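Scroll down for the structure; my scribbles are underneath it.
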DNA sequence: GCGATCAGCT
DNA sequence: CACAGCTGATCGC
């Protein structure tokens with residue numbers, strides 16, 4: 001995922017998504033720092049971004065620099081970049097006029113699968129970066145000139161190339177001739193639709209199929225790349241690697257002609273397998289664009305295998321005690337298939353999913369999964385439902401349909417993580433939410449790296465520079481993450 | 001009228 | 001908390 005949640009001080013940026021440089025021009029009034037020199041300075045520096053302060057600007061960081069060093073490093077840096085508090089005079093004037101959204105969605109029984117919605121109900125309509133971070137101000141959400149369109153943020157652009165990653169919601173990006181898509185989740189493909197015409201889209205074969213099937217993008221723009229194969233695109237060697245996230249998700253490795261090497265993780269869950277991958281094992285990485293979703297020590301969760309084992313164990317127990325139990329697994333779009341597949345295999349039952357979901361699941365070309373699907377809910381006690389319907393009321397209503405066959409409902413909500421200080425790694429401490437004959441388990445089946453997995457990956461890769469791509473909405477978060485990276489690499493080296 | 005985008009919410 | 005959206009309202013065309 002990629003989102004910004006916290007508030008951010010208002011910051012100004014240029015049209016490239018780089019923070020705008022508004023240096024006090026005491027020399028001659030003209031700012032001579034060209035955009036690319038700024039960009040290259042940015043990318044040249046290591047994980048210690050503060051080196052930019054010294055090399056580029058000395059005037060704006062003179063006072064109180066020495067005592068609060070740690071705290072002010074990035075603050076000063078961002079100040080240097082023009083990340084100053086500025087008045088947000090450019091507020092979208094129309095937004096103030098909009099009537100407040102009453103959001104009174106009590107019970108909407110209207111059916112919604114009849115329209116041309118691409119896949120599991122409606123899948124492309126909203127935009128997380130937009131609404132979760134509108135107060136980022138123009139910072140990471142820059143707008144181009146007066147228009148309402150945001151500019152592509154700098155960390156989605158691969159320096160030294162004409163490539164961007166997961167940057168479809170910015171219209172035509174100047175200087176971008178190839179658009180990479182790391183995986184098929186809304187917050188990454190947002191902006192892609194039938195009318196896309198801004199350039200070729202490079203992605204894995206599975207993602208390519210989904211882009212065509214679900215978004216109806218013109219196939220002439222879709223360029224599937226096999227995993228683990230080196231392609232040369234505009235003089236840059238590119239390889240997609242398995243990301244261990246959702247089906248079709250990839251890491252993207254860029255080998256520039258000048259020898260520089262960049263790795264973009266998209267969304268991923270770091271694993272030991274990645275460390276033995278021949279293309280990563282002995283590869284010096286200059287810049288790592290890192291999925292930092294759980295880059296905080298409070299996020300400790302078990303391996304996928306442990307969670308699957310737990311889910312299977314619970315399912316078996318329920319069936320044993322209550323043979324007439326309907327098992328429901330929640331899922332949104334793609335991802336977490338293993339949860340219901342594991343139950344299906346353990347209990348020897350088929351998996352029911354609605355037609356649109358089946359279409360998507362079949363498109364993976366994963367025969368084990370395809371073979372386990374069935375199209376009639378009456379034929380199996382294992383159902384996949386949208387995660388939004390995993391609530392007591394909804395499940396109760398749903399089970400009414402099958403009341404002849406089932407007297408109880410056991411539901412699993414693989415929420416990525418279920419936070420509980422005490423639970424931690426110990427799955428057995430997970431308490432289900434039960435009401436009547438409906439039981440809902442939240443299980444920490446994550447498709448992002450845990451804090452420790454992230455640390456291990458970073459220490460393995462030893463990239464010169466790390467650019468986090470998630471939770472970067474506040475300078476406090478950015479500072480915190482950079483200091484983790486520094487510690488991880490310092491302790492490892494010395 | 002349609003697709004895209006918005007705020008609010010989970 | 002924050003996963004990866006969902007929903008209804010509104011905007012631009």
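Key figures for this structure:
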{"read-out": "Theoretical gain in end-to-end length, residue A:281 to residue A:197 [0.36 nm per residue, Cα-Cα removed]", "value": "26.5 nm"}
{"read-out": "Length-normalised contact order of the stretch A:304-443 in % [C-alpha pairs under 8 Å, at least 6 apart]", "value": "30"}
{"read-out": "Inter-site label distance for residue A:405 and residue A:428 at 7 Å from Cα along Cβ, in nm", "value": "3.4"}
{"read-out": "Net lengthening on full extension, residue A:366/residue A:221 (0.36 nm per residue, minus Cα-Cα)", "value": "49.7 nm"}
{"read-out": "Relative contact order of the stretch A:184-288, defined on C-alpha pairs under 8 angstrom at six or more residues apart (%)", "value": "18"}
{"read-out": "Rel. contact order, % - alpha carbon contacts under 8 angstrom, at least six apart, the stretch A:205-259", "value": "27"}
{"read-out": "Two-site FRET efficiency, residue A:322 against residue A:378, from Cβ-Cβ distance with R₀ of 22 Å, rounded to 0.05", "value": "0.75"}
{"read-out": "Rg(Cα) / (2.2 N^0.38 Å) computed for the stretch A:334-460, rounded to two decimals", "value": "1.19"}
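Throughout, read-outs are computed from the coordinates displayed, never taken from laboratory work. In this text, all values refer to a predicted model and were calculated from it rather than measured experimentally. When we count neighbours, we look across all protein chains shown, and the Cβ atoms used for this are built from the backbone with ideal geometry, even at glycine.
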